[in-house]
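The values are calculated or read from the model by the stated rules, or taken from the named source; none is laboratory data. Bear in mind that the values here come from a model prediction, so they are computed numbers and not experimental data. Every residue, glycine as well, gets a Cβ built from its backbone with ideal geometry; the counts of neighbours run over all protein chains shown.
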Amino acid sequence: MTTASVLQGKSPCVSVIVTTYKRAKLLAQTLDSILTQTYTDFELIVVDNLSEDGTYEFVNGIPDPRVRYFRNANHGVIAVNRNYGIRQARGKYVAFCDDDDLWRADKLEQQVKLLEQHVEVALCYTQAESFQGDNILAARMNRRQVRANHFFQLLRGNFFPNSSVLIRRRVFRELGMLTEDASLREDYEMWLRIAKRHRLMGIEASLIRYRVHPSNVAGNRAAETLRAIRTVRSIVNKLDVPLYLIWPNIGFQFLKYFYYRVLAR
């Protein structure tokens, strides 16, 4: 266990950013899973999109000096508040967690250890367990193992969730912030930019729990797949990617899109 730097008036090692909107009950579970980490040298930045469901009262009532609460209108674009959180961050590393996901207690400990040992790695991700209510849907959502070039694997599709990453904060100064183009998947677009320039590493253990909501799952997946297609197309010129590398992914993603559209009917 590491003593939190914020208790000593110093900058923390990790800045954890949680954006939220009208999910006070689920947010309570999420924040509990973060604040009970075995690794304690972090600040927890909660950026609230002007919720009126008791989120303000709940977060400000948490008796932990590591918690920092901000209210900011994102106008329907989540990346706006993630970027807001990054600008407030003081840590060497940045982690994101969605306001309905959960972390295993040793997530940060394992990831900080990896990045401290591998200074050439810019981003570390983990596997995820998916669940709905009390039911585990998949003990490991993604079975893809990447040993070499993450960029080419990511061109085939995003395979690690936003809540699993730990990133060196200097990467945002070097490559820029998350895109705020709502037609794109801002996390996926950022991972592609990072992977084009830097090395990534994954931890095979499922260190996060990804919550699946029962309402319109197929419809949501169809919309996300369409955003993924736009994201890959958008990086062709930006990152100087040959077209032949992305067309197999585009074709596969379109098949997924139509499949989810049929399921959603």
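Structure above, values below:
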| quantity | calculated |
| --- | --- |
| Counted residues, the stretch 74-91 - those being of a type in the set (Lys, Arg), over 11 Å from Leu178 (Cα atoms) and in contact with a strand residue (DSSP E or B) (Cβ under 7 Å, 6 or more places away or on another chain) | 1 |
| Condition check for Val146: more than 29 Å from Asn74 (Cβ to Cβ), without any contact (Cβ under 8 Å) to a residue 60 or more places away in the chain and in contact with a strand residue (DSSP E or B) (Cβ under 9 Å, 6 or more places away or on another chain) | yes |
| Cβ pairs under 8 Å, 6+ apart, first in the stretch 236-265 and assigned to a helix (DSSP H, G or I), second among the hydroxyl-bearing types (Ser, Thr, Tyr) and surrounded by 11 or more Cβ atoms within 10 Å (Cβ to Cβ) | Gln253/Thr225; Lys256/Thr225; Tyr257/Thr225; Tyr260/Thr225 |
| Residue in the stretch 190-202 that is over 16 Å from the mean Cα position of the chain (by Cα) and free of Cβ contacts under 8 Å to residues at least 12 places away in the same chain present | no |
| Some residue of the stretch 231-242 being surrounded by 15 or more Cβ atoms within 10 Å (Cβ to Cβ) and under 22 Å from Thr30 (Cβ atoms) | no |
| Residues (modelled with pLDDT under 95 and basic (Lys, Arg)) located in the stretch 168-195 | Arg185 |
| Residue within the stretch 14-28 that is closer than 17 Å to Ser164 by Cβ, in the same structural domain as Val77 (by TED's automatic domain parsing) and among the polar types (S, T, N, Q) present | yes |
| Any hit, the stretch 130-143, residues being more than 27 Å from Lys25 (Cβ to Cβ), at pLDDT 90 or above and surrounded by fewer than 20 Cβ atoms within 10 Å (Cβ to Cβ) | no |
| Subset of the stretch 76-93 (residues that are among the aliphatic types (A, V, I, L, M) and assigned to a helix (DSSP H, G or I)) | Ile78, Ala79, Val80, Ile86 |
| Evaluation of Ile208 against (1) closer than 21 Å to Asn83 by Cα; (2) crowded, with 19+ Cβ neighbours inside 10 Å (one fails), failing number | (1) |
| Options Arg173, Arg193, Arg197, Arg169: the member that is among the charged types (D, E, K, R) and farther than 17 Å from Asn83 by Cβ | Arg197 |
| Search result, residues across the stretch 229-265 that are at pLDDT below 85 and of a type in the set (S, T, N, Q) | Asn237, Asn249, Gln253 |
